[in-house]
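This report refers to the structure that appears directly beneath it.
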Amino acid sequence: MSDATAFLRADLSRARFQLSRFDDASFLGCRFDGTRLHIIEASRVRMTGVEFDDVEIWGEVGNLTVNGVEVGPLVEAELDRRHPERAAMRPSDAAGFREAWATVERLWAGTVARARRLDPALLHESVNGEWSFIETLRHLVLVHDGWIARTLRGEPAPFDPLGLPWDDPDPDRALPPGLTRDREARPSLDTVLKLRDDRIAAARDLIDALTDETLDARTEPNQVDGWPESNAYRVRNVLLHVLGEEWAHHRYATRDLDALAAR
C-alpha cells in the first residue's frame, strides 16, 4: 500500500489482499470481523517490525509464531488451565463422551438460568456484532439437526425453520437444501429452549448407547443431498465436532452475557 492510498473509515467487506505488502501502514482502531462470515483468513502472513498493543483476537489459531515463539500450544494450555472442563471435550472412549456430554448439559443449565435473570429483550441484543444469546441457541439447534439427526440418525431433512445457519458473505448464494435463514425472527427464550431440549435429549440418548466399537464405526451417507455433505463420517469425529460447537458457543455466550449484565 503506497502513501497515496488511504482508507479512512472505509468498509472493506469481502476485500482480498492476497500477496499484498503493507509498508508503514496503520490499522489504528480497525475491526476484522469474521465471526459471522467465517471468511477472515490470515494464512502465510509475515509481519516484522510491528507494534501490537491493546489487540484482541478470537478465533482458531494454529502455527502462529510471535517473536520466535509458537503461540498456539501456549493458548491451548492456558485455556485448559482456566477451564478445567475444556479437556473433557476431547474424550477418547465411550465413557469419556458420556462425561463430556454431562459437562455440556451442566454448563448450559447454569448459563440459561443466568440468562433468565436478564431483561428478555437483552437476549436478542448483539454484543460487538456477535450473535445474540437467542441466535446462538438457534445456531446450536441447526448444529444438532445437521450432525446428530441428519448425519448420525440418517434423517433426510430434519431442519427446524428456527435453526440459524452461518451468515454468508455472498447474499445471492443459496443455502443448502432444507435450510432457512430467518434473521428477523424473535422467538422467546422458552420457544428456543423447547427445540434445544429436544435435541439435547436425543444427543444424550445416542451417547448413552455408545460403545468403544460404535465410536469408530462410519455413518451411512445420507440419501438426500444437503448439509452436512452426504459422506461416510466416523461417529467419533461427528461427536467431537458437536462437542466443539457446544463448548465454543457456550464460551461466546458466557462472554456476551458478562457484557450484557454489566449494563
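The values are calculated or read from the model by the stated rules, or taken from the named source; none is laboratory data. What you see is a predicted model, and the numbers here were worked out from it, not measured in a lab. Virtual Cβ from ideal backbone geometry, glycine too; neighbours counted across all protein chains shown.
Given the conditions (1) under 20 Å from the mean Cα position of the chain (by Cα); (2) among the small types (Gly, Ala, Ser); (3) modelled with pLDDT under 95, which single one is not true for Ser132?
(3)
Name the residue that is farthest from Trp147 (Cα to Cα), counting only residues in segment 171-217 that are among the basic types (Lys, Arg) and touching a helix residue (DSSP H, G or I) at 6+ places or on another chain (Cβ under 7 Å). It would help to see each step written out before you state the result.
To start, the set of residues in segment 171-217 that are among the basic types (Lys, Arg) comprises 173, 181, 183, 186, 194, 196, 199, 204.
When the remaining residues are screened for being touching a helix residue (DSSP H, G or I) at 6+ places or on another chain (Cβ under 7 Å), the result is 186, 196, 199, 204.
Details: Arg186: 25, Arg196: 14, Arg199: 11, Arg204: 14 Å.
Of everything passing the filter in segment 171-217, Arg186 is farthest from Trp147 (Cα to Cα).
Can you tell which of Arg234, Arg199, Arg183, Arg218 is at pLDDT below 95 and either farther than 29 Å from Leu122 by Cβ or not aliphatic (A, V, I, L, M) (or both)? Break it down into steps so the answer makes sense when it comes.
Working: Arg234 fails: at pLDDT below 95; Arg199 fails: at pLDDT below 95; Arg218 fails: at pLDDT below 95.
Matching residue, one of Arg234, Arg199, Arg183, Arg218: Arg183.
Check whether at least one residue in segment 220-227 is free of Cβ contacts under 8 Å to residues at least 60 places away in the same chain, part of a strand (DSSP E or B) and not small (Gly, Ala, Ser), and report yes or no. Can you show your working first?
Within segment 220-227, the first condition is being free of Cβ contacts under 8 Å to residues at least 60 places away in the same chain, and the residues that meet it are 221, 225.
With part of a strand (DSSP E or B) added as a condition, the list becomes none.
No; the residues of segment 220-227 include none that is free of Cβ contacts under 8 Å to residues at least 60 places away in the same chain, part of a strand (DSSP E or B) and not small (Gly, Ala, Ser).
Which condition number in (1) of a type in the set (A, V, I, L, M, F, W, C); (2) within 24 Å of Leu122 (Cα to Cα); (3) modelled with pLDDT of 95 or more is the one that Ala248 fails?
Evaluating Ala248 over (1) of a type in the set (A, V, I, L, M, F, W, C); (2) within 24 Å of Leu122 (Cα to Cα); (3) modelled with pLDDT of 95 or more leaves (3) as the failure.
Residues being in a loop (DSSP other than H, G, I, E, B) and crowded, with 16+ Cβ neighbours inside 10 Å: count how many of those fall in segment 229-245. Explain how you work it out, then say what you get.
Initial filter on segment 229-245 (in a loop (DSSP other than H, G, I, E, B)): 229-233.
Filter again for crowded, with 16+ Cβ neighbours inside 10 Å, leaving 230, 233.
Going through segment 229-245 one residue at a time, the tally reaches 2.
Limited to segment 144-161, what total is found for residues that are within 30 Å of Leu118 (Cα to Cα) and either of a type in the set (Gly, Ala, Ser) or crowded, with 19+ Cβ neighbours inside 10 Å (or both)? Outline the logic, then answer.
Of segment 144-161, the ones within 30 Å of Leu118 (Cα to Cα) are 144-145, 159-161.
If we keep only those that are either of a type in the set (Gly, Ala, Ser) or crowded, with 19+ Cβ neighbours inside 10 Å (or both) as well, we get 144-145, 159.
Matching residues across segment 144-161 total 3.
Examine segment 49-58 for a residue that is charged (D, E, K, R), assigned to a helix (DSSP H, G or I) and at pLDDT below 85, and state whether such a residue exists. Quick ask: steps written out before the conclusion?
Of segment 49-58, the ones charged (D, E, K, R) are 51, 53-54, 56.
Filter once more, keeping what is assigned to a helix (DSSP H, G or I): none.
Within segment 49-58, none of the residues are charged (D, E, K, R), assigned to a helix (DSSP H, G or I) and at pLDDT below 85.
Which condition breaks for Val71 when tested against (1) in contact with a strand residue (DSSP E or B) (Cβ under 8 Å, 6 or more places away or on another chain); (2) in the same structural domain as Thr180 (by TED's automatic domain parsing)?
(2)
Is at least one residue of segment 212-233 closer than 29 Å to Ser132 by Cα and aliphatic (A, V, I, L, M)?
If we filter segment 212-233 for residues that are closer than 29 Å to Ser132 by Cα, which is where we start, we get 226-229.
Next, only the ones that are aliphatic (A, V, I, L, M) stay: none.
For segment 212-233, residues closer than 29 Å to Ser132 by Cα and aliphatic (A, V, I, L, M): absent.
Going through Ala209, Ala248, Ala201 one at a time, which residue ends up being surrounded by 13 or more Cβ atoms within 10 Å (Cβ to Cβ) and at negative phi?
Details: Ala209 fails: surrounded by 13 or more Cβ atoms within 10 Å (Cβ to Cβ); Ala201 fails: surrounded by 13 or more Cβ atoms within 10 Å (Cβ to Cβ).
Matching residue, one of Ala209, Ala248, Ala201: Ala248.
Can you find even one residue in segment 153-166 that is assigned by TED's automatic domain parsing to the domain that holds Tyr233 and either in contact with a Cys (Cβ under 9 Å, 6 or more places away or on another chain) or part of a helix (DSSP H, G or I) (or both)?
Step one: of segment 153-166, the residues assigned by TED's automatic domain parsing to the domain that holds Tyr233 are 153-166.
Still in the running and either in contact with a Cys (Cβ under 9 Å, 6 or more places away or on another chain) or part of a helix (DSSP H, G or I) (or both): none.
Taking every residue of segment 153-166 in turn, none turns out to be assigned by TED's automatic domain parsing to the domain that holds Tyr233 and either in contact with a Cys (Cβ under 9 Å, 6 or more places away or on another chain) or part of a helix (DSSP H, G or I) (or both).
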